[in-house]
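The values are calculated or read from the model by the stated rules, or taken from the named source; none is laboratory data. Just so it is clear, the structure is predicted and the values come from calculations on it, not from any experiment. Cβ coordinates were reconstructed from backbone atoms using ideal geometry, including for glycine residues, and neighbour counts include every protein chain displayed.
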């Protein structure tokens, strides 16, 4: 396994729960800002170690954030997790679902990404196998 299994940042806790999955839990009662997003991205990169790793991002039901977060685009292409990983968001509220979907529309990812209200639905999506690309 990896030497870094759990990383705690100001805004979230990231944990490698298996060789294929990192859980990213945003902290309740913490206002997310651009610096916090950068800390999370750096922690994710450390846990991924450049290998294909799916990410489950779990938001608190009432997420607070600075508006400039919506305009912030991370510079790294894949966040350090390999080009074929997936990211699922469990938003836990319809407001968070709408905001996350809007953000991803303006900042699309180069890998499969999905937004769900429930954590169970997000986990189910991540548990499904990716289709194997055809050789043709």
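Laid out as a table, the results:
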read-out: Matching option when the condition is in a loop (DSSP other than H, G, I, E, B) and either surrounded by fewer than 19 Cβ atoms within 10 Å (Cβ to Cβ) or touching a residue at least 40 places away in the same chain (Cβ under 8 Å) (or both), among 38, 18, 101; value: 18
read-out: Any hit, region 44-58, residues being assigned to a helix (DSSP H, G or I) and within 17 Å of residue 89 (Cα to Cα); value: yes
read-out: Any hit, region 72-86, residues being in contact with a helix residue (DSSP H, G or I) (Cβ under 9 Å, 6 or more places away or on another chain), surrounded by 15 or more Cβ atoms within 10 Å (Cβ to Cβ), at pLDDT 90 or above and under 17 Å from residue 19 (Cα atoms); value: yes
read-out: Residue 110 vs. criteria within 15 Å of the chain's Cα centre (by Cα) and assigned to a loop (DSSP other than H, G, I, E, B); value: yes
read-out: Some residue of region 48-65 being modelled with pLDDT of 90 or more, more than 24 Å from residue 128 (Cβ to Cβ), surrounded by 14 or more Cβ atoms within 10 Å (Cβ to Cβ) and within 13 Å of the chain's Cα centre (by Cα); value: no
read-out: Boolean, residue 89 is in contact with a strand residue (DSSP E or B) (Cβ under 7 Å, 6 or more places away or on another chain) and either modelled with pLDDT of 90 or more or more than 21 Å from residue 45 (Cα to Cα) (or both); value: yes
read-out: Qualifying residue in region 121-132 (condition: loosely packed, with under 12 Cβ neighbours inside 10 Å, outside any loop (DSSP other than H, G, I, E, B), touching a helix residue (DSSP H, G or I) at 6+ places or on another chain (Cβ under 9 Å) and at pLDDT 85 or above); value: no
read-out: Every residue from region 16-27 that is under 15 Å from the mean Cα position of the chain (by Cα) and within 16 Å of residue 85 (Cβ to Cβ); value: 16, 17, 20, 21, 22, 23, 24
